[in-house]
1. Looking at the stretch 309-321 only, could you name the residues that are open to solvent by 50 Å² or more (accessible area, probe 1.4 Å) and either of a type outside the set (D, E, K, R) or part of a helix (DSSP H, G or I) (or both)?
2. Return only the number of the condition from (1) within 29 Å of Leu44 (Cβ to Cβ); (2) in contact (Cβ under 8 Å) with a residue 60 or more places away in the chain that Thr160 does not satisfy.
3. With respect to the numbered conditions (1) at pLDDT 95 or above; (2) in a helix (DSSP H, G or I), which one is the sole condition not fulfilled by Ala446?
4. Among the residues of the stretch 295-315, which ones are closer than 21 Å to Arg264 by Cβ and in contact with a strand residue (DSSP E or B) (Cβ under 7 Å, 6 or more places away or on another chain)?
5. When you scan the stretch 414-421, do you find a residue that is under 20 Å from Phe356 (Cβ atoms), at pLDDT 95 or above, surrounded by 14 or more Cβ atoms within 10 Å (Cβ to Cβ) and of a type outside the set (Phe, Trp, Tyr), even just one?
6. Would you confirm whether any residue within the stretch 149-160 is surrounded by 15 or more Cβ atoms within 10 Å (Cβ to Cβ) and in contact with a strand residue (DSSP E or B) (Cβ under 6 Å, 6 or more places away or on another chain)?
7. So which residues in the stretch 365-391 are over 24 Å from the mean Cα position of the chain (by Cα) and among the small types (Gly, Ala, Ser)?
8. Quick one: Leu395 ticks every box in (1) at negative phi; (2) over 23 Å from the mean Cα position of the chain (by Cα) bar one, so which box is it?
Amino acid sequence: KATMKSLRFLSAEAFVSNAEFARKSLGSVAHNLFPLLFKASYLLEQGEVIHDLVENWPLVDFNMGKLLGTTVDYQEDLSHRTCAVCLESCLTGLRDYVLNHPSPCVKRLKVVDLTGIKDVEVQFCDCKKTMGRWARTELLSKLCLELLVHLQQMQCKPCTFEISIDVLIDLFVTERNYELVVQALLQKCYCPLKICCVAFRADNLALQKFFYIIKLTDPSLLRKLEVVHNVRLEMEHLEILFNSIHFPLLMSLTLPARTFNVQRLTATDELILTTIGEKMGEMTQLTELSLAFSILTGRIQKLLSPLKTPLKMLDVSNCSLNHADMAYLANSFHSNHLEALDLSGHDIPDLYPSTFFKLLSHSSSVLRSLILEDCNIQDGHVNMLILGLSPCQKLQDFKFLGNPLSSQALKHLFTFLCGLPMLKNVEFPVPTDCYPIGITYPIDDASLCRFDHQKYESIAEELNLILLQANREDVKASTPLFGSYDAAVQETNDELGAYLIKSFKETLEKFTASLSKM
């Protein structure tokens, strides 16, 4: 849909479309027009103009989310355009803002906020090159170090060294950019651009490096911490982390797979689990928690009951929860506040149908996202599921891949889903009638793609027709076979792939060595 542009915005577009003219004329532009010109330049991917606007930014703050978000002059939100040309121009413009000679003493900029940039799957920019979170982390670190070298070499006015700009950013660190980011954080006190880490994601990083860098980021400012995939963080390490570092503002915590394994707990382990629960209880802002692929059977209450603030997001997918865990969740004070819930990998209909529906009814007035992948939901359970989902009138996102449902059951479910007014996104499984007879669930990766693709396409068309006939073309329905898009994984998959091959090779070598010993 085309978005209306005001006359002011159209004029701004005309002004910046001639880059040479715009750059020459910036000196005579009123300060309050800079935000308007910035958004127009971003839309037209005028890198040089963006650079010069930032280099001469006359205002106290520069907030990417607000500048690119919905504005009076142009409603369209451009904050999901992670265009490499635009973002690189922004960041180099910021470096040159500090180095720009004329009059450093009148510089007003105090805060740059880069946290409003959203990484999405489909890019609309012409250059089609994106700059993801990892690349933004790398470039900002590089520019901070470059800046220090420049300042040492140049004969700068004393005022230049008095410039101090907080740059709020979501850092993403892996083995490959670790050294660079560490150097930038160590030099922070000398650099006019101060990296302020608001969210931190670590992947493919040795544990001691993670512990070292997390202390450098100033954990007292951290609102979101994601430790994922190839960071070998286990329960005892987590206890050390929480005992040695205080996270007063932390709102969101994601822990890697297998952080917890309660199958063979010693008395010491039980104490560690209690301590971790208590430490999380001290994080009074914590409202989002992801514990996917840990084994937590019977211990959910121990971990979550010390929390003082109700959780709004909980991911306990593939955590081997038992009836006691589900009963705790359904009856806890968290249940009335859950806006996002992931219970994938649990056999809900067989293990705890009534408790699950109790949890669903408690959270129904606020629930926006529900993920029930590989939950053994079959045709016979659909009516019950519809009954449970009926009060969830705020549901926007419903994902239920990997469940053994026929095309008939899916049509029945889709007819119901049309009536959920806020629904935006549905991820549904390949119907059972597209697979060979006798296939077992959960389907292994090797068999996942062995279905009748033509039959699937025709059923998917029928399901989309159900949405269309109910005037629900605003709902996107899809079957991403290998899970939803993850911008961070996508950006670093080469590095992660190389790491996995290396791990596999090492495992094979160890195995071969032990065989030859035998």
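The values are calculated or read from the model by the stated rules, or taken from the named source; none is laboratory data. Here the structure is a predicted model, which is why all the values come from computation and not from measurement. In this analysis, Cβ positions are derived from the backbone assuming ideal geometry, glycine residues included, and neighbour counts consider all displayed protein chains. Protein only, heavy atoms only, side chains kept; ligands, DNA and RNA dropped before computing areas. Shrake-Rupley method; radii C 1.70, N 1.55, O 1.52, S 1.80 Å.
1. Asn318, Ser320
2. It fails just one condition, (1).
3. The single condition Ala446 does not satisfy is (1).
4. Across the stretch 295-315, the qualifying residue is only Ile295.
5. yes
6. Within the stretch 149-160, not a single residue is surrounded by 15 or more Cβ atoms within 10 Å (Cβ to Cβ) and in contact with a strand residue (DSSP E or B) (Cβ under 6 Å, 6 or more places away or on another chain).
7. Within the stretch 365-391, Ser365, Gly380, Gly388, Ser390 meet the criteria.
8. Every listed condition holds for Leu395 apart from (2).
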